[in-house]
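Read the structure below first, then the notes.
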Amino acid sequence: MQAGQGSMRRPARANAVETRSLLDAVSAFLLLLCGLTNNAEAQQLQYNRDVRPILADKCFRCHGPDAANRQADLRLDKRREAIADRGGSRVVKPGHPAASELIRRVASTEAGQRMPPTESGSTLAPHEIEILRRWITDGAEYQPHWSFTVPSRPVLPAVENSTWPRNAIDRFVLSRLEREGLQPVGISTTTCRAICGCNAATLISRVPPWFVT
C-alpha cells in the first residue's frame, strides 16, 4: 500500500519547478498591475490619490486641521486658505507653480527656507515635488475625502485586440500592453485567477494543490 501511494507522488523537483513558474507568472502580473495604477507620469493627477498623501505626510502636521500644532496660521488641507492672498503672495496659486510659495519652499536648497524644516527630519523627494508642481499647473483642485466620495466606475480603455479581453480588468491590462508595444501571450485574468488560487493554497498549506498523498 505504501508503494502504491508513493508512486502517486510527483517528483519534488518537478513540483518545485512548477511552483516557481507559477510564482514568476503571478509576480509578473502583479508588477504589471502596479505599473497600471502607479504610473503617475501617464495618468491625470488626482488630489486624493496623488497629492493628499504627500501633504498629509509632509505638511499637515504644521499646516493642517490640528489647531494646537498649526504654524503661520496656514491650513493646506483647505483650498480656500491655501490659495488665499497673503500680503501679495499665495501659498498655492492655481495654474502658476513658479508663483506659488509652496513650490518655492519645498524646492529650496536653503535650510532656513526649505519646508518641511530641517529639524523635522522630513523632506520631499524630487518626484513628490514634481507631483505638487503638476497639480498646481493643472489648477490645484481639491477633492473631498475618499470616504465621502461616491465610487464610480472608470471608463474602459479602447484596445485594438478586442477579442482577447474577457472582462474589464483584461481591457486595462491589454491597453497598457499595447501602449508599450507588447502583445498578450494568451493568459488572461481568468487564468491568472486560477494561478493566484493555486499560489495561495501553496502558501497557506505549504503543499501544492496537485500534490497527492
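No value in this document is a laboratory result; all are computed from the given coordinates. Predicted model only: the values in this text are computed from it and were never measured. Counting neighbours? That spans all protein chains shown, and the Cβs are built from the backbone with ideal geometry, glycine included.
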Report task. Please name whichever of 113, 97, 123 sits farthest to the positive end of the charge dipole of the range 47-142, dipole taken about the Cα centre and charges placed at Cβ: Lys and Arg +1, Asp and Glu -1. Result -> 97
Query raised in the report: What whole number of Å gives the distance from the Cα centroid of the range 98-126 to the Cα centroid of the range 74-92?
Result: 16
Report summary line: The FRET efficiency for residue 119 and residue 163, from their Cβ-Cβ distance with R0 = 41 Å and rounded to 0.05, is 0.10
